[in-house]
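A short write-up of the structure that comes next.
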Amino acid sequence: MSASTSAPVRALARRWHAARGDQLLTNSALMLATTVLMAAGGAIFWVIAARLAHPAEVGLAGSLVAAGDTLGLFAQLGLNIALLRTLPQSTRQAADVVTSGLVVLTAGAAFALGYALLLPWTSPRLATVLDSPVGIGVFCVLVAATALNVLSDSAFLGLNRVWSYLRLNGLLMSLLKCVLPFLLAGAGALGLYGSVGGAIACCAAASVWVILRHLPGRASLRPSPELLATRRFAAAGYVTYVLTVAPLLVFPLIVINAQGAEAGGAYFISFQVVTLLHAVILAVANSCYAECERATAGRHRLVGKSGLTLLAVSGAGCLAMVVAAPYFLQIFGAHYADSGTATLRVLALAAMGAAFNYWGALRLRLASNLAAMILVQLVSTTVMLVLAVALAERGTVWVAAAWGIGHAVGGVLGWVVTSTLARFADEVPTPELETV
């Protein structure tokens with residue numbers, strides 16, 4: 001090999017080794033790979049579901065999946081954010097994970113029960129799926145498992161065990177999602193939801209086992225002082241979290257009530273396709289936040305790099321989705337391609353607004369201005385819901401646009417507030433624990 005040829009190769013090798021040594025880029029890449037695998041498994045599942053079930057059943061099952069995922073997020077009670085912040089320094093890591101796990105399991109089951117009991121008044125069509133004690137019981141158990149799995153994701157990030165996260169969530173859960181629909185074929189919308197929830201439950205159990213195997217200390221119910229000291233931050237983070245994910249719970253109901261179950265099915269399938277992009281954006285944002293929290297200096301540089309990373313990921317994904325939208329939906333069937341292509345394209349554009357909003361939320365968390373965290377997300381969510389309700393009668397494209405506009409408003413406000421009223425420090429002083 002000549003000197004002129006080897007010089008670019010050596011330069012490329014140096015860049016490769018430098019990239020591997022950059023924890024932010026490495027973890028973001030692993031989160032990206034995991035999310036792609038999860039989204040691919042989810043997409044294959046919905047292709048199978050669309051072929052095995054009627055569009056109305058897919059629409060109802062999709063609403064249950066969205067509800068289960070959102071209730072699982074509600075059940076975090078801010079503990080997922082608290083674990084991301086405190087696990088690296090915790091003196092009782094195993095106890096923190098066990099205590100938090102029991103709390104979110106209980107909260108998940110309670111929220112699911114409340115949701116199921118309210119369905120006859122909020123969405124009578126969806127209530128027909130959970131019309132028996134057995135159906136309600138299955139829903140509660142699977143939502144609780146979903147909540148536990150979400151918490152385990154934060155534990156993997158906080159402990160910097162992203163490879164384990166990839167193997168369990170990216171591979172195991174995706175495989176189970178593709179197998180279970182055939183075992184539960186003919187069970188209707190509840191069977192489709194049971195396939196998704198069952199895969200998540202298996203992954204949650206495996207994740208907790210892996211996490212506790214690698215943590216020192218006893219798995220007791222005595223959480224660390226570090227975790228207890230984050231109560232106010234966790235509470236504010238929880239409120240903003242609920243406001244962020246509330247539209248994911250409400251939007252399918254808005255579409256079904258305004259347009260019917262078949263339109264709800266087309267909207268949900270479109271959203272499931274764009275979930276590949278949205279989940280990648282959210283995973284990268286979470287990875288960036290975890291890395292910024294671990295850093296004691298140079299946070300402004302890391303936040304800037306995080307913003308550029310999110311812009312690149314969301315922009316490239318949006319372009320791909322806009323071009324390939326009809327081809328993606330054709331895989332599910334002609335009904336979904338005819339009804340959902342425009343909606344999917346608008347959702348892809350909206351995902352860039354979501355990336356901007358998550359970057360603004362990252363900045364607000366680092367600033368630790370609790371009032372600003374809540375107020376910014378309250379405005380964002382209010383804009384989403386008001387626009388969605390007002391525009392739903394015009395079609396699912398307008399509901400998709402409402403999602404993107406609300407996110408963009410949140411991103412603008414988050415950037416403005418953290419640039420003026422609630423700046424975050426470049427270096428972090430040694431924290432003093434609150435009196436417990």
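The values are calculated or read from the model by the stated rules, or taken from the named source; none is laboratory data. In this text the structure is predicted, and so the values were computed from the model without any measurement. In this analysis, Cβ positions are derived from the backbone assuming ideal geometry, glycine residues included, and neighbour counts consider all displayed protein chains. The area values use the complete protein model at the heavy-atom level, side chains included, leaving out ligands, DNA and RNA. Shrake-Rupley method; radii C 1.70, N 1.55, O 1.52, S 1.80 Å.
Does the stretch 378-392 include one or more residues that are in a loop (DSSP other than H, G, I, E, B), at pLDDT 85 or above and not hydrophobic (A, V, I, L, M, F, W, C)?
No, that holds for no residue.
Condition check ((1) buried (at least 17 other Cβ atoms within 10 Å of the Cβ); (2) part of a helix (DSSP H, G or I); (3) under 19 Å from the mean Cα position of the chain (by Cα)) across all residues:
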position: 81; (1), (2), (3): yes, yes, yes
position: 95; (1), (2), (3): yes, yes, no
position: 112; (1), (2), (3): yes, yes, yes
position: 134; (1), (2), (3): no, yes, no
position: 144; (1), (2), (3): yes, yes, yes
position: 154; (1), (2), (3): yes, yes, yes
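How many residues are polar (S, T, N, Q) and open to solvent by less than 10 Å² (accessible area, probe 1.4 Å) if we restrict to the stretch 343-376?
To start, the set of residues in the stretch 343-376 that are polar (S, T, N, Q) comprises 343, 357, 368-369.
From what is left, the residues that are open to solvent by less than 10 Å² (accessible area, probe 1.4 Å) are 343, 357.
Final tally of qualifying residues: 2.
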So residue 206 ticks every box in (1) aliphatic (A, V, I, L, M); (2) free of Cβ contacts under 8 Å to residues at least 40 places away in the same chain; (3) in contact with a Ser or Thr (Cβ under 6 Å, 6 or more places away or on another chain) but one. Which box is left unticked?
(3)
Spot the failing condition for residue 126; the list is (1) surrounded by fewer than 22 Cβ atoms within 10 Å (Cβ to Cβ); (2) in a helix (DSSP H, G or I); (3) over 22 Å from the mean Cα position of the chain (by Cα), and only one is missed.
(1)
Looking at (1) open to solvent by 40 Å² or more (accessible area, probe 1.4 Å); (2) in contact (Cβ under 8 Å) with a residue 60 or more places away in the chain; (3) of a type outside the set (A, V, I, L, M, F, W, C), find the lone condition where residue 396 falls short.
(1)
The stretch 46-79, residues that are within 21 Å of the chain's Cα centre (by Cα) and not in a helix (DSSP H, G or I)
75, 76, 77, 78
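Residues in the stretch 57-77: is at least one modelled with pLDDT of 75 or more, of a type in the set (Gly, Ala, Ser) and over 23 Å from residue 112 (Cα atoms)?
Pass one, the stretch 57-77, residues modelled with pLDDT of 75 or more: 57-77.
Cutting the leftovers down to of a type in the set (Gly, Ala, Ser) gives us 59, 61-63, 66-68, 72, 75.
Among the residues that remain, those that are also over 23 Å from residue 112 (Cα atoms) are: none.
The answer is no; no qualifying residue exists.
Looking at the structure I just gave you, is residue 319 open to solvent by less than 10 Å² (accessible area, probe 1.4 Å) and at pLDDT 85 or above?
Details: open to solvent by less than 10 Å² (accessible area, probe 1.4 Å): no; at pLDDT 85 or above: yes.
No.
Could you tell me whether the stretch 405-415 includes any residue that is assigned to a helix (DSSP H, G or I), aromatic (Phe, Trp, Tyr), surrounded by fewer than 22 Cβ atoms within 10 Å (Cβ to Cβ) and in contact (Cβ under 8 Å) with a residue 40 or more places away in the chain? First the steps, then the outcome.
Residues of the stretch 405-415 that are assigned to a helix (DSSP H, G or I), as a first pass: 405-415.
The next check asks that each one be aromatic (Phe, Trp, Tyr); those that pass are 415.
Still in the running and surrounded by fewer than 22 Cβ atoms within 10 Å (Cβ to Cβ): 415.
In the following step, the residues that additionally are in contact (Cβ under 8 Å) with a residue 40 or more places away in the chain were identified as 415.
Yes - at least one qualifying residue is present in the stretch 405-415.
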With the requirement that a residue be at pLDDT 80 or above, in a helix (DSSP H, G or I) and among the hydroxyl-bearing types (Ser, Thr, Tyr), what does the stretch 229-276 give you?
238, 240, 267, 270
Give the residues of the stretch 296-316 that are closer than 22 Å to residue 88 by Cα, of a type in the set (Val, Ile, Thr) and surrounded by 18 or more Cβ atoms within 10 Å (Cβ to Cβ), sorted by residue number.
303
Which of the residues spanning the stretch 269-295 are open to solvent by 10 Å² or more (accessible area, probe 1.4 Å) and over 16 Å from the mean Cα position of the chain (by Cα)?
291, 293, 294, 295
Residue pairs within 6 Å by beta carbon, gap of at least six or interchain, first lying in the stretch 360-384 and closer than 18 Å to residue 286 by Cβ, second assigned to a loop (DSSP other than H, G, I, E, B) and open to solvent by less than 40 Å² (accessible area, probe 1.4 Å), listed first then second, are 366/424; 367/422; 367/424
